[in-house]
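To keep things clear, I will list the structure first and then write my remarks on it.
Values quoted throughout were computed directly from the atomic coordinates according to the rules given, and no laboratory measurement underlies them. Keep in mind that what you see is a predicted model, and the values were worked out from it rather than measured. Heads up, the Cβs are rebuilt from the backbone with ideal geometry, glycines too, and the neighbour counts pull from every protein chain shown.
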Amino acid sequence: MGFNIIFNSTGIINFAQGEFCMFGGLFAFTFAVTLGLPLPIAILLAVAATALIGGLMERLMIYPLRNASVITAIIATVGASILFKSLGRLFWPKEAYKVPEFTAGNITIPGVTVSRQFIWVLGLTVVSVLLVYMFFNHTRAGKAMRACSINRQAASLVGINVSRMSLYSFVLAAALGGVAGLINAPYASYSIGLFLGIKGFTAAVVGGLGNTFGAVTGGLVLGLLEELIPGFLTVVLGVSTGYKDAVAAVLLIAVLLLRPQGLVGKGVVEKV
């Protein structure tokens, strides 16, 4: 969802989105474990700190490039990703940090055992989708961001501050990334940004780049395929499960070749 929110508002693919997840998890560890704050407060502070980083990134890096090409801005986000990862390694040098789980333990359902944290992941996904939907459809700022996603020039002509909408999109995307990172218990490290970023970008493309809620569909499809395909290869064909991480790459290539608008996206016809 973070990828699509920024893409809609600015036309930029933010390759530093994965590092927002990294900051969310590491800030949650710092506030909850290092400083000993209650978990709810630590979560709110972690999301707020990550959102602040997203806002600073937009003001200090993207806003000065507002008149540059989209490619230049995208390259800048790659640089931001490298910078953020370096900062993460500087302040949190260990290979992994134990992030507190919201609810420890497992739930046993006939035929399957499910982590209680996984239930939190599903629940927060639903809540995030609903909150983002309400924001885009029932607030002036959300409607202005939607107008920018349709036609930035027309939005500017009717008085919408396009640069402010760009700031809002980065803050919101960073907050969503922070939630994704801190719920990714039990471990966080400076290196998880690339892994989560690739999976998030693949989900966004599979669902339909630019379709905020299609990203959730893409994420569910990707997650299911990552579990089903390796299981089929192992049980039926006797192939190692080491190919699990290749599922995302193969799925991304297949969607780009066969249905570039994504599973729920709509193709655009342009007259030239």
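Descriptive notes on the structure:
- Near the amide H of residue 263, within less than 5 Å, lie the amide hydrogens of 207, 208, all on another chain or at least 5 residues away, with H placed in the peptide plane.
- Under the span-like rule (Cα at least 20 Å along the axis, Kyte-Doolittle mean at least -1.0), DSSP H helices of the chain: 39-57, 70-91, 116-138, 162-182, 192-207, 214-232
- Restricting the calculation to Cα atoms, every distinct pair contributes to the Kirkwood radius of region 1-92, found to be 13.9 Å.
- Nonlocal Lys pairs with alpha-carbon distance under 19 Å, the chain (8 or more apart, or different chains): 4
- Close amide H contacts of residue 187 (hydrogens built in the peptide plane, cut-off under 5 Å, sequence separation of 5 or more or a different chain): 99.
- Residues considered: 235, 255, 206. Largest GNM mean-square fluctuation over the chain, using C-alpha springs under 10 Å, is found at 235.
- With a Förster radius of 30 Å applied to the C-beta separation of residue 233 and residue 89, the computed FRET efficiency comes to 0.30.
- Here the simple spin-label model places points 7 Å from the Cα toward Cβ, and for residue 126 and residue 161 these points are separated by 3.7 nm.
- Residue among 181, 159, 24 with the largest mean-square fluctuation in a Gaussian network model of the chain, springs linking Cα atoms under 10 Å: 159
- Value at 222 nm in deg cm²/dmol, rounded to 500, when DSSP H runs of n ≥ 4 in the chain each add -39,500 (n - 2.57): -21000 deg cm²/dmol
- Selected from 147, 46, 203 as most flexible by GNM, with the chain as the system and alpha-carbon contacts under 10 Å: 147
- Packing-based order for 14-23, 103-112, using average beta carbon neighbours within 10 Å, highest first: 14-23, 103-112
- C-alpha center-to-center spacing [region 31-107, region 117-181] in angstrom: 18
- Descending semi-axes in Å of region 2-190, equivalent ellipsoid built from Cα gyration tensor: 32, 21, 13
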